[in-house]
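Peer 1: Sharing a structure here in C-alpha cells format.
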C-alpha cells in the first residue's frame, strides 16, 4: 500500500509540473508574439501543446471545472495600441492577439485550455508564415495554421464565444483567400459581416474594438452591394 500511495503522489506531482510548464510555455508564446519574435513563439506554442497532450493522457486537470468563457479571456487583453497595429502590410486584418492564461490552478476547464493553446499555436504559424519570403515555407506554415484554427473551431462551444468564433473565422478566411480559395473566403467574410452587425445591435463595444480592423478584409463588391 505504501508503494501505491507513493505512485499516486508521484503522478500528481508530475501532472502539476506539466501543468505549470504548459502555462509558462503558453504565456511565453504570448510574450514572443507581442515582441514579433515569431520563431520563438512557434517553438513555445508547440511545447505548450505537447505538455497539454501529456496532461490529458495523465487524466486531465485536477478539477476540470470551467473558469469562464473564452471571450472573457480575450476581452481582458484588449489594448488600443496593439489593436491599431493588427492590419498587416498588405492591409489585411489578422486577429493577432494571443490569449494569455492567468490562472496557475489546475481547475481550468480542459476544453477552454486546449482551445487557447491550439489558437495560439495557429496564430504563431500564421504570423510566421506571413513573414516568410520562401513561397513553399510560407504555404506550409499557412496551411498548418489553417488546420489548427479549424481544430480550435471544432474543440469548443462557439455559440457562447462569439468573439473567439469571429477571430477563428476571420483568420481562416484570410488564409483561404491567400491560397486562392476566394469563394470560400468571401463566404466567411459575409458571415462575419452579419456577426459584426449583431455586435453593433447588441452594443458589444469591447468586442467591436477587438475586430474593428476587419473592415479592411471586406471585398469592395460586398461593401458596394445594395442593401436588401
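Peer 1: Any residue in segment 170-193 that's within 17 Å of residue 136 (Cα to Cα): show its pairings with residues that are surrounded by 16 or more Cβ atoms within 10 Å (Cβ to Cβ) and at pLDDT 95 or above at Cβ separation under 6 Å, as long as the two are six or more apart or on different chains.
Peer 2: What qualifies is 175/142; 175/146; 176/185; 177/185.
Peer 1: Give the residues of segment 1-44 that are under 14 Å from residue 97 (Cβ atoms) and either at pLDDT below 80 or buried (at least 17 other Cβ atoms within 10 Å of the Cβ) (or both), sorted by residue number.
Peer 2: Matches in segment 1-44: 26, 27, 29, 30, 32, 33, 41.
Peer 1: If you don't mind, there's one more thing I want to ask. Checking residue 74 against (1) at pLDDT 90 or above; (2) under 21 Å from residue 166 (Cβ atoms), which single condition isn't satisfied?
Peer 2: (1)
Peer 1: Mind listing just one residue for me: the one in segment 114-156 that is in a loop (DSSP other than H, G, I, E, B) and free of Cβ contacts under 8 Å to residues at least 40 places away in the same chain and, of those, nearest to residue 30 (Cα to Cα)? Can you show your working first?
Peer 2: As a first pass, look at segment 114-156 and keep what is in a loop (DSSP other than H, G, I, E, B): 132-134, 156.
From what's left, free of Cβ contacts under 8 Å to residues at least 40 places away in the same chain: 132-134.
Working: 132: 20, 133: 23, 134: 25 Å.
Within segment 114-156, the match that is nearest to residue 30 (Cα to Cα) is 132.
Peer 1: Quick one: would you say residue 111 is in a loop (DSSP other than H, G, I, E, B), touching a residue at least 24 places away in the same chain (Cβ under 8 Å), surrounded by fewer than 19 Cβ atoms within 10 Å (Cβ to Cβ) and out of contact with any helix residue (DSSP H, G or I) (no Cβ under 6 Å at 6 or more places or on another chain)?
Peer 2: The answer is no for residue 111.
Peer 1: Pick from segment 158-169 the residues that are part of a loop (DSSP other than H, G, I, E, B) and touching a residue at least 12 places away in the same chain (Cβ under 8 Å): which of them is surrounded by the most Cβ atoms within 10 Å (Cβ to Cβ)?
Peer 2: Per the criteria, the residue is 161.
The values are calculated or read from the model by the stated rules, or taken from the named source; none is laboratory data. Keep in mind that what you see is a predicted model, and the values were worked out from it rather than measured. Neighbour counts are summed over all protein chains in view; Cβ atoms, including those assigned to glycine, are modelled from backbone coordinates with ideal geometry.
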